[in-house]
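Input: a single structure, listed below in structure tokens.
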Amino acid sequence: MVSANPATIEKVDYINFQQDRACMNLLGEDEFHYGTLVKKINMFEWKQERTMVITNQAIYNIHKKKIKRCIMLKDIGGMTKTVTPSKNLKEFTIHAPQEYDYRFLSDKREEIMNVIKKAYYNLNKRNCPVYHTTNKDLKDFTTTENDAKKGVSRFPPEDYRMANEDLFQGD
């Protein structure tokens with residue numbers, strides 16, 4: 001059930017991003033919601049530390065005060081996360097069907113996903129689909145840049161969707 005009330009998003013800044021004028025200028029007119037460090041997993045399975053910033057419009061991957069990538073919230077197709085009995089309970093993928101996906105590791109996974117769900121809901125007036133897998137990781141459910149160039153999609157099947165988790169009722 002989708003509520004007509006907008007979701008309230010409490011600003012959380014674990015990295016003092018908002019205190020850095022140069023960093024805030026990267027966001028243009030976007031409204032800052034959330035900032036933290038995450039591990040991005042690239043197509044070679046390398047883990048790279050990145051700054052993730054979520055705004056009212058987009059999710060930013062920032063490295064050394066430069067935007068490496070920006071995924072507009074309107075372009076997100078959903079998110080997938082690993083769940084028990086998988087031992088990897090920190091991993092999640094943000095699906096960007098028109099581009100390629102982003103795969104991350106974070107101790108703050110649930111918090112990050114909740115902020116994205118709220119921001120997505122506020123912008124799109126609908127819920128962001130959430131998918132679960134018990135696989136050991138999300139490699140099989142993350143469309144890489146190379147996959148996208150070849151027209152290959154690793155978007156999870158509909159029976160992996162957890163509609164009870166992606167339902168957002170607002171505050």
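Structure notes:
- Residue match in the range 108-123 (condition: closer than 21 Å to residue 46 by Cα and not aliphatic (A, V, I, L, M)): yes
- Residues (in contact with a strand residue (DSSP E or B) (Cβ under 8 Å, 6 or more places away or on another chain), hydroxyl-bearing (Ser, Thr, Tyr) and closer than 21 Å to residue 99 by Cβ) located in the range 134-159: 142, 143
- In summary, residue 98 fulfils each of the numbered conditions (1) modelled with pLDDT of 95 or more; (2) touching an Asp or Glu at 6+ places or on another chain (Cβ under 7 Å) with the single exception of condition (1).
- Taking the numbered list (1) exposed (fewer than 12 other Cβ atoms within 10 Å of the Cβ); (2) closer than 20 Å to residue 106 by Cβ in turn, residue 29 passes all entries but (2).
- Scope the range 85-142; condition free of Cβ contacts under 8 Å to residues at least 24 places away in the same chain and either crowded, with 23+ Cβ neighbours inside 10 Å or within 23 Å of residue 31 (Cα to Cα) (or both); matching residues: 110, 114
- All conditions but one from (1) part of a loop (DSSP other than H, G, I, E, B); (2) within 11 Å of the chain's Cα centre (by Cα) apply to residue 53; the one that does not is (1).
- Candidate set from the range 9-42 (those that are in a strand (DSSP E or B) and of a type in the set (Val, Ile, Thr)); member that is farthest from residue 121 (Cα to Cα): 41
The values are calculated or read from the model by the stated rules, or taken from the named source; none is laboratory data. All values derive from a computational prediction rather than experimental measurement. Neighbour counts run over all protein chains shown; Cβ positions are idealised from the backbone, glycine included.
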